[in-house]
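The values are calculated or read from the model by the stated rules, or taken from the named source; none is laboratory data. No experiment lies behind these values; they were computed from the predicted model shown. Note that we place each Cβ from the backbone using ideal geometry, even for glycine, and neighbour counts take in every protein chain shown. In case anyone asks, the SASA skips ligands and DNA or RNA and just uses the protein heavy atoms, side chains included. Shrake-Rupley method; radii C 1.70, N 1.55, O 1.52, S 1.80 Å.
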Amino acid sequence: LIPHASEFDFAAVLYRKLNYEVEVYNFLDGLQKYTRAIDIGANVGIFSLYMAQRFPDAVIYAFEPGRDAFLRLLNNIKVNPHLESRINPFFAAVGADSPTITFYTPQGHLTNSSLDVEFAAKFGVVKSAIAQVAPKLLFEELLQPQSYRTLVKIDAEGAEPAVLLQLQDLIVAAQADLLIEVLPEYCNALQPHFDYFRAAGYFAYSLQKQGPVLMTELNASARWRDWWLSRTDVRLSGLS
């Protein structure tokens, strides 16, 4: 990574490792092979680079609408030339029906940019920009039913309900696995989507320090924000 002072990735300079969402990546380390990953809210590319490194046959599609974050994503891809050919970056948002949408970035908080101005404003004075929106037609191509073993990651700083409103039917039809951030203030808005996946035969897990915890109800924790939804019961795969 190309780290930046005063931001989370600067730990890479000091410690030669990144103490970032450790419980998530510990869980991902034990998963079976993927051939495709869709990274929605890619930011500077941590997840995309990890997936390309962890799964040598996987092709990655990374979506990031913030200009500064996207430029850093491109730089991080460039300094990993052995992974570069398998990561496809898109300077675009996901989850709106219009071709463009307003995107908000709080000053000094690159990782807290959002399509939700109220969320971004919690972290400081925001600046707005017009972002392109990736069309649903593209995801209809990327999420062809049962064509690939696919993982979809959604970390959109409050836009998760809007993304799922557009994509959940495609995710279920493709039987893709889903890694999603659940923030307390958006838990209620995500509840219908959680019910949709559960009705489609998905298991839901909260990813915590001790490992994945099977859940039958959606709830939000300030500490454990990441959830795993899959038609595979990880208790039967040795990951619980």
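Multiply the residue separation of Glu217 and Ile130 by 0.36 nm, subtract the distance between their alpha-carbon atoms, and state the gained length in nm to one decimal. Write down the numbers at each step before the final one.
Values: separation 87, 0.36 × 87 = 31.32 nm, distance 3.62 nm.
Computed gain between Glu217 and Ile130 is 27.7 nm.
Using a probe radius of 1.4 Å on heavy atoms only, what accessible surface per residue do you get for segment 47-94? Whole Å² is fine. Present the calculation step by step, with values, prior to reporting the outcome.
On the way: 2070 Å² over 48 residues.
Result: 43 Å² per residue.
Among the listed pairs Lys17/Lys209; Lys33/Lys209; Lys78/Lys153; Lys17/Lys127; Lys78/Lys122; Lys33/Lys122, which have their C-alpha atoms separated by more than 28 angstrom in this model? Before the final figure, lay out each step's value.
Working: Lys17/Lys209 18 Å; Lys33/Lys209 23 Å; Lys78/Lys153 22 Å; Lys17/Lys127 31 Å; Lys78/Lys122 33 Å; Lys33/Lys122 38 Å.
Beyond 28 Å between Cα atoms: Lys17/Lys127; Lys78/Lys122; Lys33/Lys122.
Report the FRET efficiency, 1/(1 + (r/R0)^6), for Ser85 and Asn26, where r is their Cβ-Cβ distance and R0 is 35 Å, rounded to 0.05.
Working: r = 28 Å, r/R0 = 0.79.
With a Förster radius of 35 Å, E is 0.80.
Let me have the 222 nm mean residue ellipticity of the chain computed from DSSP H runs of 4+ only, each contributing -39500 (n - 2.57), with the sum over all residues rounded to the nearest 500. All intermediate terms of the calculation are to be shown ahead of the outcome.
On the way: 9 runs with 76 residues, N = 240.
Computed mean residue ellipticity for the chain: -8500 deg cm²/dmol.
Tell me, what is the per residue accessible area of segment 118-240 in Å², probe radius 1.4 Å?
Values: 5920 Å² over 123 residues.
Per residue, segment 118-240 has 48 Å² of solvent-accessible surface.
Could you compute the net charge surrounding Val182? Neighbours are other residues with a C-beta less than 11 Å from the C-beta of Val182; K and R count +1, D and E count -1. Please report the intermediate quantities before stating the final value.
On the way: positive: Arg225; negative: Asp155, Glu160, Glu181, Glu185, Asp226.
Net charge in that neighbourhood comes out at -4.
Which stretch or stretches of segment 21-55 have amide N atoms under 16 Å from the point lying 7 Å from Ile2's Cα along the Cα→Cβ direction?
So the set is 43-46, 49.
Arranged from highest to lowest average of other beta-carbon atoms within 10 Å per residue, in what order do the peptides 203-216, 28-41 appear? Intermediate results must be reported in sequence, preceding the final value.
Working: 203-216: 15.9, 28-41: 19.6.
Per-residue mean Cβ counts within 10 Å order the peptides as 28-41, 203-216.
Using a probe of 1.4 angstrom, how much of the accessible area of segment 83-240 is carbon and sulfur, in percent?
Details: 3920 of 7570 Å².
In segment 83-240, the share of accessible area belonging to carbon and sulfur is 52 percent.
Starting from the amide H of Phe55, placed 1.01 Å from N in the peptide plane, find each other amide H under 5 Å away whose residue is 5 or more places distant or on another chain.
Close amide H contacts, sequence-distant or interchain: none at all.
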